[in-house]
Amino acid sequence: MAYDPSFGEWVQEHFAGLGPLTIKRMFGGAGVYANGPIFALLDDGVVWLKADEQNEPMLREAGSRQFTYPMKDGETMTMAYWSLPEPAVDDPDEAVRWARTSIDAALRKAAAKKPRKKTPK
C-alpha cells in the first residue's frame, strides 16, 4: 500500500459533504474515518470503500473492483473493500452517496461485534 498526503487532501475536499474526516496512516496506506469506525482505505490513489452483504452487490454492479493484495506465500488476499465507482471520482455528490453506504456497512459490522469482556484486575 502507498499513501500520498496530497491524495488525502483531495479525499477531504471530495467527501466534504460527509463533514469532518480523520485520515490515519496504516500499513503504508491510510484509513478514513467519519465520526466512528473506518469506512474507507486509501492506497495508490484509489479510494477503497468498506462493503458488506448489503452494499457489495451495488458496488459490483457499478463496476467497482475488490481490494486484493499478494501475500508472501504467493496467495492473494481479498478484503471487504471495493473501489469508489468511476463516476463518483469526478462527482463529489455521488462520492458522498457511495461513502454513506460504506459508513452504514462499517456501523453494521461494529454493531454485530460482541462486546469484549473486561478482565478483572
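The values are calculated or read from the model by the stated rules, or taken from the named source; none is laboratory data. Computed from a prediction, not measured in an experiment: that's the story for all the values here. Every residue, glycine among them, receives a Cβ derived from its backbone with ideal geometry; neighbour counts consider all protein chains shown. Please note that ligands, DNA and RNA were not included when accessible areas were found on the heavy atoms of the full protein model with its side chains. Shrake-Rupley method; radii C 1.70, N 1.55, O 1.52, S 1.80 Å.
Roughly how many percent of the accessible protein surface of the chain is carbon and sulfur, given a 1.4 Å probe and a whole-percent answer? Numbers along the way, then the final one.
On the way: 4150 of 7880 Å².
In the chain, the share of accessible area belonging to carbon and sulfur is 53 percent.
Remark: accessible surface ordering of 81, 33 (largest first) is 33, 81, probe radius 1.4 Å. Given a cut-off of under 8 Å on Cα pairs at least six residues apart, what relative contact order in percent is computed for region 14-121? The normalised contact order for region 14-121 reaches 27 percent.
Of the residues 93, 43, the one with the largest accessible area comes first in the ranking 93, 43, computed with a 1.4 Å probe on protein heavy atoms. Per-residue SASA remark: residue 23, around 40 Å² accessible (1.4 Å probe; ligands, DNA and RNA not included).
Taking the Cα centre of the chain as origin and assigning +1 to Lys and Arg Cβ atoms and -1 to Asp and Glu Cβ atoms, the resulting dipole is close to 1280 debye. When the chain is described by a simple charge dipole with +1 on each Lys and Arg Cβ and -1 on each Asp and Glu Cβ, the residue from 36, 11, 55 located farthest towards its positive end is 36.
Enter the accessible area per residue of the chain (Å², integer; probe 1.4 Å; all protein chains in place).
Working: 7880 Å² over 121 residues.
Spelled out: the 1.4 Å probe surface of the chain, per residue, equals 65 Å².
For residue 65, the solvent-accessible surface with a 1.4 Å probe is about 130 Å², rounded to the nearest 10.
What is the local net charge at residue 103, summed over the other residues whose Cβ is closer than 14 Å to its Cβ (Lys, Arg +1; Asp, Glu -1)? Don't skip to the end; give the middle numbers.
Details: positive: 50, 97, 100, 108, 109; negative: 52, 104.
Here the charged neighbours net out to +3.
Enclosing the Cα atoms of the chain in their convex hull gives a volume equal to 144 cubic angstrom per residue.
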